[in-house]
Amino acid sequence: MFENDYDGILELWKARLLVRLARRMGFSGADLEDAQQEIILDVLAFEFDEQNSNGTTEPQQLAALINARLKNIRRAEGRYRERLERLQALTNGEFIEPDRQPMRADVQAALDDLEPRDRDTCTALAGGKTILQIAKERGCSWHTVERQVKRIREHFMAIRLDGWLQEG
């Protein structure tokens, strides 16, 4: 029993380091909680190998791992925002670049051709909701919403509007 408590105390510094580095990178509130959930298992699984450390300490190596994962989260958020802005521009008619204006009718026609559930999913994504939020609202699995997104993507690709669906 004591050994488990001691191990827990030893691992607590890792979780605190994660929070400190995430806050330093601008994570707060729900974003901080999401980052913790996404990274904590890697942090707790981290094992320091002194023989291959090249003179770095365990906290330095762990901080490098955490910073790399946090940067990946921020990059993914940036790509998501870019896709969202493009989709909002197409669906709302705002922020459309002049040379993209003719595509608006094509995109609207593509949206009209979608099944109602897929169209609702597309609209929800354009409104900034995540796949998990959509699934929770509908009371279904996130896998179901993922399949809808896949169908939407395939539909856009089939009519050659896939330039708006860059992978993240």
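Taking 30 Å as the straight-line reach from the Cα of K14, the lysines in range (excluding those fewer than 8 positions away in the same chain) are K71. Is region 2-78 best put as rounded, prolate or oblate by its Cα gyration tensor, with a ≥ b ≥ c the root eigenvalues, rounded for a/c under 1.5, and otherwise prolate when a/b is larger than b/c, oblate when not? Since a/c reaches 1.5 but b/c is at least a/b, the shape of region 2-78 is classed as oblate.
For the pair L132 and N54, a Förster radius of 30 Å applied to the C-beta separation gives a FRET efficiency near 0.15, rounded to the nearest 0.05. If you average the alpha carbon positions of region 29-51 and of region 103-134, how far apart do those two centres end up, in angstrom? Answer, in whole Å: 34. Counting Lys and Arg as +1 and Asp and Glu as -1 over every other residue whose Cβ lies under 13 Å from the Cβ of I40, the net charge comes to -2. With a Förster radius of 25 Å applied to the C-beta separation of E146 and Y80, the computed FRET efficiency comes to 0.95.
Here, each number is a calculation from the coordinates, and none is a lab measurement. Note that the coordinates shown come from a computational prediction; the quantities given were computed from them, not determined experimentally. FYI the Cβ positions are ideal-geometry reconstructions off the backbone, even for glycines, and counts take in every protein chain you see.
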